[in-house]
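S.K.: After the structure tokens below, expect a handful of questions from me.
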Amino acid sequence: MTRPPGPSAPAVYALLADGTTVGVRPVVPADRAAVRRLYEHMSPENLRLRFFSGGPLVARKAADALCLVAGPGDRALVAEADGDLVGLAEYHATPARPPGSGPVSAEVALAVADEWHHRGVGTLLLEHLVDCARADGLRELTAEALSENLPVIRVFADLGLPVHRRFEGPEAHVRVELTPDEQYLTALETRGRTAGVASLGPLLRPRSVAVVGAGHRQGSVGRAVLRNLRAGGFTGPVRVVNPHGPALDGLPCHATVADLPEAPDLAVLAVPARAVASVAEECGARGVRALLVVTSGLGEEQAAALRTACHVHGMRMVGPNCLGLANTEKDVRLDATFAAGFPVPGTAGVATQSGGVGIALLGGLSRLGIGVSTFVSLGDKYDVSGNDLLQWWEADGRTDLAVLHLESFGNPRAFSRTARRVSKRMPVLTVDAGRSEAGRRAAASHTAAAATPTMTRQALFHQAGVVATRSIGELLDAIALLHSQPLPAGGRVVVVGNAGGVGVLAADACSEAGLSVRPLEPALAAEVAAVLPPGAAAGNPVDTTAAVTEGQLRACLDLLAGHRDVDAVLGVLVPTALSVATGDDPVRAFTGAPERQPCTTAVVLVERSSRVTLLPAECGGAVPAYADSQNAARALSCAATYARWRNRPQGLPPDPSGLDVDGARTDVAEWLAERPEGGWLDPVRCARLLGRYGVPQVAWEWVCDEDTAVAAAARLAGPDGRVVLKAHWPGLVHKTREGAVRLGLQGEDRVRAAYRDLAARFGERLAGVVVQPRAPHVPELVAGVVQDPVFGPLVLFGQGGTATDVLADHAGRLAPLTTYDLDELIAAPRCSALLSGRHGGTPVDLAALERLLLCLSRMACDLPQLAEADLNPVVACPDGVMALDARIRLEPRQAYDPYLRRLR
């Protein structure tokens, strides 16, 4: 078998440890000369370490064998940079034992150009080779190396997979297990973070900037960016590329990028859409390291050419169709935007897809005095994404608050891992845009119909610890609280007001926001009442009356802030003539008292015109002041939810036992080989696949005539002697809606009549009938999975039966499910109160229900071809759970590793 023809194969681009971009692709015959050059330029010592011997003949034979002949179990990848081949990796499958079965092992070899050592070329190639090996069904890779070749041995050891080494004399034998686990994902993540941050340096901390397309017209975008660069005080040289004049704003113009006196780190492209790709190519040829493309309106071909130029020349890019970017760091002072004015320096990192949202956030953060560390308008997000910015803020040493506005996700599963890690260190906040039903896609099964894009996106945010708000205003409310106050230990809030009515409204707002507004403990209530004026009510809310003095209010707050049952205090104050007359200021009671115990504190100042402000505190810091109690309550709820997520241990997906994963993959492959277009499984195949994953199902039989149906009913009838008949034909999804179910059948005559009725009703469409016992009268649930092509599998759970679509009582979590995800998924729907025995219900076997959901999660992760799985109803009993009806749809999809390092 020869290598596939062609001068080149499509490359996947990825970053090395130092931020350099390389392309990784399969070897083709046309690479023979390049592979020979790679070997010929290696030092004699490195050739010896690679081949255990030296000489040009060995290298020439190796190049010929690599590029010209390939067996069915052979793979070879090369890494390219600027058109040069800088490394290669290959494996050759070991013959299977016993003969005829597929190979499970392959031997690996690596070679890296001398000048590219210690930059991560070999590790990157190995990662992509591991992905190929898994796709080929291999379970391990082996390698032989000289014992003195410590760098190569270390590459395997540091990969993150289980590695076994054995030394025999001058040789080392390495075996790498390909079982994916958390350790490998963490290793991939760490290498990707290091490479990503290094690659963003020229973009966010450039030493020099060129504006390409700055026009002489005052209203042009390029001219505005140039003006902001200079007005902001950028610390490096600024160049202008404009062929239509000698100078612009006192700076000399250069006709082309090639004419620049040096290659700038960053080039801002404000040229017409038709010229963007060619200018990007010029920038790459000149040695520019990063692009900011503010131009909009690129066509499909123009976009592809722009991406290619960036990848081939190793340039990171923001945009196109964006507002620009800024870095307020004093040694940089970069304002490459066409916004009005230099952003206020601060500690919030901001990344938005919408320029308008970006301007609003910059204004709000400036008004609050929080400011920004780095601002990036992502625009159409061809390259740099929110994931990249999270990694940068995590490492920049300045950012303590990450603010995102994302309208789309390129790799949400990688984003989830990054956001989960960053959220443990700093709040990550976003606006949850696009929540309307207009975004709901058409779907066949109950599970798919319930799994809206909104549910999927909210599950992503929730599981990653991202604080998601509904508007820019709510986002700024939450930012003000999280920036200025300690995180609450829980959701127990005490409302303190100087007027009874506004205190009640605030208590209502807190309850509606999911916070706990419980009465004070008797001992605490007595202490609070003792420091307040006569007539005060020490309940919750605490009504201090308008006669309260500043000192009395301060004493009350001191008692509340130090109490074990109080997580947050919300003050609600109205201006009164009494405070004006005495000179007391109730607000000072909230912003003073440096001896007070740390406690999350906010205040509502009724009649304030500004939505939220930060009031300086005497002891440093600030207290957020809101104009409306609902805004304050929602901000407190965001803080409590985030604190609860942050304080819980990191959960890992449990590994259920007794699964037949290999058998399931074989079943799926065989079925799709017969039906390459995909579709719904028949009941027999569906039950078999669920059985591979240990999903409990009610006893049933498949029948094709009335006599067999009667015999099956006799065997399957439960204690009440009743059975259910369900018609089936290919493509049937909603049996009840089609009138394909007959319930409560008792006795031979009724079973015969029901079968005849189904046969007459559906005629030639009828493929067969399922007979099963009648289910007990217990809560009916629905459980299922939808495989989103972007977000991955979403596991859904909630109210089942015929009320599924009417009540819409469902919750969803993205797979793989951790132990915490399982607990939250079961507790989230309203029907969960019945499962635990509350409200007169009978407690069900929650452990069995958790296992069922966990098995669905595992099945969806193992089988990318699983488009939908719908178990409805699922009955839950005290001694177990079981699915009464199940539907599974398969699609021909290839496995995709969302964590493999590659650029967009």
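Throughout, read-outs are computed from the coordinates displayed, never taken from laboratory work. All figures in this text were calculated on a predicted structure; none of them were measured in a lab. Quick reminder, even Gly has a Cβ in these numbers, built from the backbone with ideal geometry, and neighbours come from all protein chains shown.
S.K.: Tell me the net charge near VAL493. Cut-off is 10 Å between Cβ atoms, VAL493 excluded, with +1 for each Lys or Arg and -1 for each Asp or Glu. Don't skip to the answer; put the middle values down first.
M.R.: Values: positive: ARG492, ARG518; negative: ASP567.
Here the count lands on +1.
S.K.: If you put +1 on each Lys and Arg Cβ and -1 on each Asp and Glu Cβ, how big is the dipole of the range 757-904 around its Cα centre, in Debye rounded to 20?
M.R.: Details: 14 positive and 18 negative charges, 72 e Å.
In total the dipole reaches around 340 debye.
S.K.: Express as a percent, rounded to the nearest 5, the fraction of DSSP beta bridges in the range 492-647 (both residues included) that run antiparallel. Let's see the in-between values first.
M.R.: Values: 7 of 23 bridges.
Counting DSSP beta bridges with both partners in the range 492-647, the antiparallel share is about 30 percent.
S.K.: So which GluC sites (Glu not before Pro) in the range 636-700 pass both tests, a DSSP loop state and at most 15 other Cβ atoms within 10 Å of the Cβ? Walk me through the numbers before you get to the answer.
M.R.: Working: sites: GLU670, GLU674, GLU677; in loops: GLU677.
Listed in order of number, the matching sites are GLU677.
S.K.: So which chymotrypsin sites (Phe, Trp or Tyr not before Pro) in the range 32-64 pass both tests, a DSSP loop state and at most 16 other Cβ atoms within 10 Å of the Cβ? Kindly include the intermediate steps, with their values, before the conclusion.
M.R.: Details: sites: TYR39, PHE51, PHE52; in loops: PHE52.
Qualifying residues, ordered by number: PHE52.
S.K.: Continuing with this model, one more query. Note down the relative contact order for the range 492-647 as a percent, whole number, built from C-alpha pairs under 8 angstrom at least six residues apart.
M.R.: The value is 24 percent.
S.K.: Fewest to most neighbouring Cβ within 10 Å: what's the order for CYS638, CYS599, CYS132? Intermediate results must be reported in sequence, preceding the final value.
M.R.: Details: CYS638 23, CYS599 20, CYS132 16.
By the 10 Å Cβ count, ascending, the order reads CYS132, CYS599, CYS638.
S.K.: Tell me, in nm to one decimal, what length is gained between GLN183 and HIS117 on full extension, where the rule is 0.36 nm per residue of separation less the Cα-Cα distance? Spell out each step's value before the answer.
M.R.: On the way: separation 66, 0.36 × 66 = 23.76 nm, distance 2.49 nm.
Gain on extension, GLN183 to HIS117, equals 21.3 nm.
S.K.: Can you tell me the FRET efficiency between ASP259 and THR308 if r is taken as the Cβ-Cβ distance and R0 is 22 Å, rounded to the nearest 0.05? Walk me through the numbers on the way to the answer.
M.R.: Values: r = 24 Å, r/R0 = 1.08.
Plugging the Cβ-Cβ distance into 1/(1 + (r/R0)^6) gives 0.40.
S.K.: By count of other Cβ within 10 Å, fewest leading, how are LYS61, LYS381 ordered?
M.R.: Working: LYS61 12, LYS381 23.
Fewest to most other Cβ atoms nearby, the residues stand as LYS61, LYS381.
S.K.: Between ALA699 and ASP660, what is 0.36 nm times their sequence separation minus the Cα-Cα distance? Round to one decimal in nm.
M.R.: 12.0 nm
S.K.: Which distance in nm do the two modelled labels at GLN894 and ALA489 give, with both placed 7 Å along the Cα-to-Cβ direction?
M.R.: 5.4 nm
S.K.: Let me ask you something else. Starting from the Cα gyration tensor of the range 492-647, take the square roots of the eigenvalues, sort them a ≥ b ≥ c, and report rounded, prolate or oblate (rounded when a/c is under 1.5, otherwise prolate if a/b is larger than b/c, else oblate).
M.R.: Verdict is rounded for the range 492-647.
S.K.: By how many nm would the segment from ALA714 to PHE52 grow when fully extended, if each residue of separation counts as 0.36 nm and the alpha-carbon distance is taken off? Kindly include the intermediate steps, with their values, before the conclusion.
M.R.: Numbers: separation 662, 0.36 × 662 = 238.32 nm, distance 7.37 nm.
Stretched out fully, the ALA714 to PHE52 stretch lengthens by 230.9 nm.
S.K.: Please report how far the C-alpha centroid of the range 396-435 lies from that of the range 24-57, rounded to the nearest whole angstrom.
M.R.: The range 396-435 and the range 24-57 have Cα centres separated by 43 Å.
S.K.: Once you have the alpha carbon radius of gyration of the range 704-773, what is it after dividing by 2.2 N^0.38 Å, with N set to its residue count?
M.R.: Working: Rg = 11.3 Å, N = 70, 2.2 N^0.38 = 11.1 Å.
Scaled against compact globular proteins, the figure is 1.02.
S.K.: Along the Cα→Cβ direction, 7 angstrom out, place labels at ALA135 and ALA753. What is the inter-label distance in nm?
M.R.: In this crude spin-label approximation the distance works out to 6.0 nm.
S.K.: Assigning unit charges at the beta carbon (Lys, Arg +1; Asp, Glu -1) and nothing else, what dipole magnitude in debye, to the nearest 20, does the chain show about its Cα centre?
M.R.: Here the size comes out at about 920 debye.
S.K.: So which trypsin sites (Lys or Arg not before Pro) in the range 161-246 end up in coil per DSSP with only 13 or fewer other C-beta atoms within 10 Å?
M.R.: Details: sites: ARG165, ARG166, ARG175, ARG191, ARG193, ARG207, ARG217, ARG223, ARG227, ARG230, ARG239; in loops: ARG207, ARG217.
Loop-located and lightly packed - ARG217.
S.K.: What residue among THR328, ASN498, ALA895 has its Cα farthest toward the positive end of the dipole of the chain, where the charges are +1 on Lys, Arg and -1 on Asp, Glu, each on the Cβ?
M.R.: THR328
S.K.: Right, here's the next one. Would you mind calculating the relative contact order of the range 726-801 from Cα pairs under 8 angstrom and at least 6 residues apart, reporting the percent as a whole number? Write down the numbers at each step before the final one.
M.R.: Working: 68 pairs, mean separation 20.9, N = 76.
Rounded, it is 27 percent for the range 726-801.
S.K.: Considering every pair of different Cα atoms, what Kirkwood radius, in Å, is found for the chain? Numbers along the way, then the final one.
M.R.: On the way: mean 1/r = 0.0316 Å⁻¹.
Taking every pair of different Cα atoms in the chain, averaging 1/r and inverting gives 31.7 Å.
S.K.: Among THR736, LEU57, ALA111, flag the residue with its Cα farthest along the positive direction of the charge dipole of the chain, charges on Cβ as +1 for Lys/Arg and -1 for Asp/Glu.
M.R.: LEU57
S.K.: May I ask you to derive the relative contact order of the chain, considering only C-alpha pairs under 8 Å and at least 6 residues apart, and to give it as an integer percent?
M.R.: Values: 1911 pairs, mean separation 71.2, N = 904.
Averaging sequence separation for qualifying contacts and normalising by length gives 8 percent for the chain.
S.K.: Order by neighbour count: THR842, THR454, fewest other Cβ atoms within 10 Å first, most last.
M.R.: Values: THR842 13, THR454 16.
Fewest to most other Cβ atoms nearby, the residues stand as THR842, THR454.
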